[in-house]
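A.B. asks: The structure is given below, and queries will be raised subsequently.
The numbers here are math on the coordinates, done by the rules we state, and not lab data. Note that the structure is a prediction, hence the values are computed from the model and not measured. In this analysis, Cβ positions are derived from the backbone assuming ideal geometry, glycine residues included, and neighbour counts consider all displayed protein chains.
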Amino acid sequence: MGRTGGNNVNATVGGQATIVDNDSNLPSIRIDDVVLDESGGNAVFTVSLSRASVLHTVTVNYATGNDTATAGTDFTNTTGTLTFAPGVTSMTISVPITNDAGVDAAALETFFVNLTNAANAVIADGRASAPSPTTTPPARRRSSSATPRPPKATTSSTP
């Protein structure tokens with residue numbers, strides 16, 4: 001309540017906002033598995049958008065995670081953010097590999113790269129693995145669903 005020229009003035013100012021659910025119109029993000037040789041230097045993961053974003057920059061965070069391979073011993077822990085400018089549909093993440101041949105040469109070593117916190121896109125496939133060359137990557141499930149998939153299991157047999 002305010003006073004203007006001796007008169008009481010009551011004012012209500014209102015506005016309306018409409019939120020349009022456009023999640024289904026957002027591009028989806030996927031990351032591909034790689035198979036590598038321990039002496040290969042780097043594991044290079046390709047991260048792709050289902051389609052280019054025309055108006056908006058798309059970002060997604062990434063971080064490596066241990067499985068049977070250990071950060072600091074078998075690979076370099078790597079984190080960051082990918083930024084897809086409008087029109088860009090593919091980027092890569094490079095993870096340095098430590099060649100410790102002879103120490104665990106017979107061991108099956110696998111690590112993960114996980115995608116999180118996407119902006120202007122939805123994560124359809126947010127985990128990739130880098131198994132040793134003695135295995136093949138698990139079959140990829142391709143889905144337009146943003147539901148995270150369960151962790152991948154890797155097995156090996158000994159003669």
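A.B. asks: Under 5 Å between amide hydrogens, which residues at least 5 positions from THR92 or on another chain qualify, with H placed 1.01 Å from N in the peptide plane?
C.D. replies: Amide H neighbours of THR92: VAL47.
A.B. asks: Would you mind listing how long region 24-130 runs along its three principal axes, going by Cα atoms, in whole Å with the largest first?
C.D. replies: 51, 19, 19
A.B. asks: Turning to a different aspect of this structure: Using the crude model of +1 on Lys and Arg Cβ and -1 on Asp and Glu Cβ, and no other charge, please compute the dipole size for region 24-130 relative to its Cα centre, in debye to 20.
C.D. replies: I would put it at about 680 debye.
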